[in-house]
Amino acid sequence: MNLLHLDADKLKDYPEFVFGDQSTHQSALLLDTGMTKSRRQIMRLEKRMLFAKYSTEKCYLLYQIASIHLDSNHYDKCYFIARKAIEETKNCNGILWHFLSTIIIIKANASLNKSERVKEDLKGALQIAESLDSADLTAFVEMCIYCNERNICVKGNSSQPASKRGSKITPQSSVTQ
């Protein structure tokens, strides 16, 4: 238990499970207050989505949901919701929400160490930042591109062996029988 850094007290606190019982599944969810809180926030935003009239409001709500998924380390859900937000920006021409949703996708991909995907998304974010005519956003995205390229180079160098040490093949002498 010490090797796995597990507390002995927590190992004893497992509830007794009954196959197919709904309370079994709910009790595990209630133990994690952070997940319960984020789930409640997402449900509240999804209910607000039903009454949203304008595409800009929907973009905002989808962005907030994606942000909560990102904070909860649910990167695939974050990616999916942020893509929905980007699709919604086409209805309202919300370039700012398109940029912010792209940044959320970049954060999710960076958390998953998908450097090549981050590189592609950063190029798209740079185009959006230039269309917003914001020097600060453009400089920020260019700095992110530089850091990502540097990260890719470091990963590329570390994946190669430090020394290419070949094994010596010694000629075997004929075996006499």
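Set the bar at 19 Å for Cα to Cα. Now go through Lys77/Lys107; Lys53/Lys77; Lys37/Lys58; Lys58/Lys84; Lys77/Lys114; Lys37/Lys77 and name every pair that lies beyond it.
Lys53/Lys77; Lys37/Lys58
Roughly how much of Val154 is accessible, in Å² to the nearest 10, using a 1.4 Å probe?
90 Å²
Computing the accessible area with a 1.4 Å probe over protein heavy atoms, can you report the carbon and sulfur percentage for the stretch 72-146?
Answer for the stretch 72-146: carbon and sulfur cover 54 percent of the accessible area.
With the other protein chains left in place, how much accessible area per residue, in square angstrom, belongs to the stretch 29-84 at a 1.4 angstrom probe?
In whole numbers, the stretch 29-84 has 68 Å² accessible per residue.
If packing is taken as the mean number of other Cβ atoms within 10 Å per residue, what is the order of 75-84, 99-108, 40-49, highest first?
Per-residue Cβ counts within 10 Å, averaged per peptide and sorted highest first, yield 99-108, 75-84, 40-49.
The values are calculated or read from the model by the stated rules, or taken from the named source; none is laboratory data. Bear in mind that the values here come from a model prediction, so they are computed numbers and not experimental data. Virtual Cβ from ideal backbone geometry, glycine too; neighbours counted across all protein chains shown. Ligands, DNA and RNA are stripped out before the accessible areas are found, and what is left, the full protein with its side chains, is counted by its heavy atoms. Shrake-Rupley method; radii C 1.70, N 1.55, O 1.52, S 1.80 Å.
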